[in-house]
Amino acid sequence: MITNLHESPRKPARVIVLGGGGFIGGTAARRLWSEGIDVLALGRESCDLLAADAATRLTELLRPDDVLVFVSANAPVKNVAMLMANIRMGDAVCGAIKNRPVAHVIYISSDAVYKDSTEPLSESSCAEPGSLHGVMHLTREVILRSEFPGPLAFVRPTLTYGIDDPHNGYGPNRFRRLAVEGKDLVLFGEGEEQRDHVAVADIAELVLRIVLHRSTGNVNAVSGEVASFRTLAEFIAAQFSSRLAVKGSPRSGPMPHNGFRPFAPSAALTAFPGFTFTPWRTGIAAMCAETSQAKQR
């Protein structure tokens, strides 16, 4: 669960976003900037966490009153080499904040840390990952908790969509790209598995609230809705052209998470009155409209 140390919102002196040039980190940095918060967004070029001197270089940038938002990752993790590289990145961050403690740390983790369940998952569900990607995030959470005694928050997003996604991941991001190119949308199997999807702007808004309230604990970034990939693909196809086909294809392996991964309402809704997650139909329709407008320019 999430606890607010500041009952009323307070702007910090500065927020450092590690991974500020990426999809989630960049969106969060822009949202913080929009509120007049001083933000230092660091990408790989300015702070390579795999460099031999990464901890030293990051230490030199930190101030005691900083909020550090740690988003940087080489993801999704597909093999042991990627797992170990991501752990080294986490170790560099821990070395820096141990040398020069900051006021607050926020880590953008993943819902992949949770064990599969037929019941809706919540912040209190068992953290027992079944993938290397989940192992990476849970390991980073553990080492951050062991090395940083100050206020610490873990944000655990589910599958994330947004117009700037760089990965072309299966789901809304890939379906939108195919649709705007006038190509048919191809599913894994018949697209029957049901998943939750969250808008990247909602994650950025949640980070803003955590920063302002100096929140600690675990919080899921989830919409609370599940939809099949076929439903999502058909919805996206309809935003662009009635002539686009949604097609199934043979599966090469089992359905992830046994084909069903629901979430209970996020603790964020209780911690931050007035905050809501965007329903997937609203968020995906807005993403598709933005794509169409950009194409016409």
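Values computed for the structure shown
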| read-out | value |
| --- | --- |
| Those residues of the stretch 162-195 which are open to solvent by 50 Å² or more (accessible area, probe 1.4 Å), on the phi > 0 side of the Ramachandran plot and more than 23 Å from the chain's Cα centre (by Cα), in sequence order | Gly182 |
| Glu141 over 28 Å from Met82 (Cα atoms), in contact with a Ser or Thr (Cβ under 7 Å, 6 or more places away or on another chain) and in contact (Cβ under 8 Å) with a residue 12 or more places away in the chain | no |
| Members of the stretch 52-107 found to be open to solvent by 70 Å² or more (accessible area, probe 1.4 Å) and within 23 Å of the chain's Cα centre (by Cα), listed by number | Lys78, Val80, Ala81, Met84, Arg88, Asp91 |
| The stretch 152-161, residues that are buried (at least 24 other Cβ atoms within 10 Å of the Cβ) and farther than 21 Å from Phe260 by Cβ | Ala153, Phe154, Val155 |
| Tally, over the stretch 114-137, of residues that are under 18 Å from the mean Cα position of the chain (by Cα), of a type in the set (A, V, I, L, M, F, W, C) and open to solvent by 40 Å² or more (accessible area, probe 1.4 Å) | 3 |
| Verdict on Arg261 being out of contact with any His (no Cβ under 7 Å at 6 or more places or on another chain), surrounded by fewer than 19 Cβ atoms within 10 Å (Cβ to Cβ) and among the basic types (Lys, Arg) | no |
| Condition met for Leu32 (more than 26 Å from Pro129 (Cβ to Cβ) and buried (at least 23 other Cβ atoms within 10 Å of the Cβ)) | yes |
| Residue among Arg195, Arg209 that is closer than 23 Å to Arg261 by Cα and basic (Lys, Arg) | Arg195 |
| Members of the stretch 277-297 found to be under 20 Å from the mean Cα position of the chain (by Cα) and exposed (fewer than 13 other Cβ atoms within 10 Å of the Cβ), listed by number | Thr282 |
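The values are calculated or read from the model by the stated rules, or taken from the named source; none is laboratory data. These numbers were taken from a predicted model, which means no experiment stands behind them. As a convention, Cβ positions derive from the backbone with ideal geometry for all residues, glycine included, and neighbour counts pool all protein chains shown. These area figures cover heavy atoms from the full protein model, side chains too; ligands, DNA and RNA do not enter into them. Shrake-Rupley method; radii C 1.70, N 1.55, O 1.52, S 1.80 Å.
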